[in-house]
Each structure stands twice: as structure tokens, then as C-alpha cells.
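Asks: Encoded as C-alpha cells, here's the structure I'll be asking about.
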Amino acid sequence: MGGGLKLAVAVERFPIRGGFTISRGSKHEAVVVVASIADGRLTGRGECVPYARYGESVEAVVTTLEACTSAVANGLTRAKLQSLLPPGAARNALDCALWDLEAKRSGKRVAELAGLAPLHPVTTAFTLSLGSPEAMAAKAGEACHYPLLKLKLGGDGDKGRLRAVREAVPQARLIVDANEAWQPHDAESLLAAAATEGIELVEQPLAAGCDELLAQIERPVPVCADESVHDSASLEALSSRYDAVNIKLDKTGGLTEALLVAKRARELGLKIMVGSMVSTSLSMAPALLVAQVADWVDLDGPLLLARDRVPGLLYEGARVFPPRPELWG
């Protein structure tokens, strides 16, 4: 990559349209951290979302990134970055910025640099926040033009939520995300209820670290690991408990590791979802490379915001198109 590079770190805030609620709470804005690496002529950018669930804060991620200033100036490479920082939001921002700068310097798209075919549009799920059965059914009806809906669940009352949404949108494809909110004694009955309502995937029903039960019970609906999986090293121990994994660049620590996670997941016979935190098109763009091989794509972050960055990704309904070089990659 070469030396003499300058790192800049910025915190940016984007309001969420109507707020966003999951089992762990609600928020009304997406707070993102952007790393920019410049060589005096070109600039590469990467965006991350620090997540308290993984012990991260905006302040700590900014501090971690700023501590990498000298490493960047001395020619930090993506390979060296993997050992410099652990998987997580800070490494994601730097990794994606390095990919972006390499693409701009070489005049090649990141897909080509990564040895992938040119990107094609993918269909993303559209996420419905956790709410009462009636409220979620109403939101599902409003979003019925999206072919795949993702429902945030919360434990108590989930059977009613599933039933109400299915009645509201009988033809829609539905996946659900419990965000660790189900209790072990309810897991089998809730999976059975999901099967009854034609749910095609249940994401992270039990708490990470307390999910051994999933290897012992019948899974009439495929179950996807999210909070339980971070990088490729964590996959093998989970392969008997889960049928799929949710790959998020903020968990893997960037595109470099995310591509390895996808490869290893396929080797283990696991299906792939590609997801993200609620964030802007700058976060979604690198994830689109992994989405090319995914069974489910959940990259609707910009659709949940009151405003996206400009230029952003092009969304036509649920179809999201590859980024222009001006945005990323």
C-alpha cells in the first residue's frame, strides 16, 4: 500500500425513520464511525457501527482507530491489520478503507481485486421493528411490496406476532430475528410456531454461550447464528447447533475476514445470511461482495434511515445495486 498515508476518523449521525426497536432496546439514530485513509491524491473510506452488545463504544472505537495513525502512515496493509486489531468495528472501518483506497489507486473494482466476478444486484430483506402483534401486522401490510420481510421478535408474545404478521401478509417470505430473547424452555414450541407460520429462518433465538440446546432439539425451521458467530475461527464449534450464519462486517472486522467466513461456512455445509447494523450505504457497499454468495441478504440499513449519505447505493424496491466508485470500492 505504501507509506505516507494519513488517517482521519470522524463520528457521524444519521436519524432513523420512526425509530428502531429490537429485544435489547430502541434507538432513533445510527451513530457511525468513518475511517478515511488518504495518500494526498486519493482517499479510501470505511464505515463501522460500534455495538455495546460486544463491549464496544463509539469513544473506544475512535480511540482504537486514532492509535493506528502511525501504523497507517508506515504503510499498514490489510494482512498486517488482521493481527494488529481483533475482529470488531474498528478493524472493519480500517479494512474497508484500505480496500477502497487500493481500488482507487489501481483503477480496479474491489470485486476484481478480491478475485470475484463483477457484482450483480441482490434482493434485501426489509426489517420490521419489534412491537405489538397488531403494530407489526400493520407495518407488514404497509411493507407487503417487499418480497422478504424480517421480523424482530422479543420472546414473550412472539407466537401472537408470528400469527398476526402471517395473516396480514399471507404470501410474503418471512424470516425472524429473536436477538437472543427466547428462553431455552420455550425454544421448541416457538420453533414449531415458526414452522406453522411458514417462517423460513429463525435468527439467534437463544443467548450466545447458552445455545448448546440447539444441537439437541428438533429444528423444523433452519436456525441462523448471529451473536454466536464472529470470525472464521468460531464457526466449527457452532456447526452442529446452527444451519446458517449471519456474516456482518462489524463482527468479522472487515471484508477480508468476512470473505473467509463465507468460504469456511460453505465448507461446513452452513447457509449464509449477510447482514449489517443500521447504518449508511458506506457500510452496505463492502457487504455486497459477500452478499453475492448469500442465501439471505439483510442490507436494508439505508431504507431505515431518514436520510442516507450522498452518493449512496441505488435501491429499487428490495433490489440493491452495486456501489459506484464514488461511494466505495
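The values are calculated or read from the model by the stated rules, or taken from the named source; none is laboratory data. Computed from a prediction, not measured in an experiment: that's the story for all the values here. Backbone-built Cβ (ideal geometry, glycine too); neighbour counts: all protein chains shown. Ligands, DNA and RNA are excluded from the accessible area calculation, which covers all protein heavy atoms including side chains. Shrake-Rupley method; radii C 1.70, N 1.55, O 1.52, S 1.80 Å.
Asks: Condition first: in contact with a helix residue (DSSP H, G or I) (Cβ under 6 Å, 6 or more places away or on another chain) and open to solvent by 20 Å² or more (accessible area, probe 1.4 Å). Now tell me which residues in segment 251-274 satisfy that.
Replies: 256, 260, 264, listed by residue number.
Asks: Being open to solvent by less than 20 Å² (accessible area, probe 1.4 Å), under 29 Å from residue 237 (Cα atoms) and not in a helix (DSSP H, G or I) is true for just one of 209, 155, 198. Which residue is that?
Replies: After applying the criteria, what remains is 155.
Asks: Restricting attention to segment 212-237, which residues are closer than 20 Å to residue 159 by Cβ and assigned to a helix (DSSP H, G or I)?
Replies: Selection gives 213, 214.
Asks: Would you check if residue 228 is more than 13 Å from residue 271 (Cα to Cα), among the hydroxyl-bearing types (Ser, Thr, Tyr), out of contact with any Gly (no Cβ under 9 Å at 6 or more places or on another chain) and open to solvent by 10 Å² or more (accessible area, probe 1.4 Å)?
Replies: no
Asks: List every residue pair whose Cβ atoms sit under 6 Å apart, with the two residues 6 or more apart in sequence or on different chains, where the first one lies in segment 208-233 and is farther than 16 Å from residue 189 by Cα and the second, anywhere, is open to solvent by 50 Å² or more (accessible area, probe 1.4 Å) and not hydrophobic (A, V, I, L, M, F, W, C).
Replies: 230/87; 231/87; 232/264
Asks: Does residue 306 satisfy the criteria of being touching a residue at least 40 places away in the same chain (Cβ under 8 Å), hydrophobic (A, V, I, L, M, F, W, C) and more than 24 Å from residue 78 (Cα to Cα)?
Replies: Here the answer is yes, as residue 306 does meet what is asked.
Asks: Continuing with this model, one more query. So which residues in segment 88-146 are touching a strand residue (DSSP E or B) at 6+ places or on another chain (Cβ under 7 Å), closer than 27 Å to residue 37 by Cβ and among the polar types (S, T, N, Q)?
Replies: Result: 92, single match.
Asks: In the set 103, 111, which member is within 21 Å of the chain's Cα centre (by Cα) and open to solvent by less than 60 Å² (accessible area, probe 1.4 Å)?
Replies: 111
Asks: Still on this structure: If I ask for residues that are among the hydroxyl-bearing types (Ser, Thr, Tyr), under 24 Å from residue 284 (Cα atoms) and loosely packed, with under 13 Cβ neighbours inside 10 Å, which ones from segment 58-89 would you list?
Replies: Of segment 58-89, the ones among the hydroxyl-bearing types (Ser, Thr, Tyr) are 63-64, 69-70, 77, 83.
Next, only the ones that are under 24 Å from residue 284 (Cα atoms) stay: 63-64, 77.
If the condition is that a residue be among the hydroxyl-bearing types (Ser, Thr, Tyr), under 24 Å from residue 284 (Cα atoms) and loosely packed, with under 13 Cβ neighbours inside 10 Å, then 63 is the only one that fits.
Asks: Got at least one residue in segment 112-123 being assigned to a helix (DSSP H, G or I) and of a type outside the set (Lys, Arg)?
Replies: yes
Asks: Let me ask you something else. Please verify whether segment 34-50 includes one or more residues that are under 19 Å from residue 101 (Cβ atoms), β-branched (Val, Ile, Thr) and either open to solvent by less than 20 Å² (accessible area, probe 1.4 Å) or touching a helix residue (DSSP H, G or I) at 6+ places or on another chain (Cβ under 6 Å) (or both).
Replies: Yes, because at least one residue in segment 34-50 is under 19 Å from residue 101 (Cβ atoms), β-branched (Val, Ile, Thr) and either open to solvent by less than 20 Å² (accessible area, probe 1.4 Å) or touching a helix residue (DSSP H, G or I) at 6+ places or on another chain (Cβ under 6 Å) (or both).
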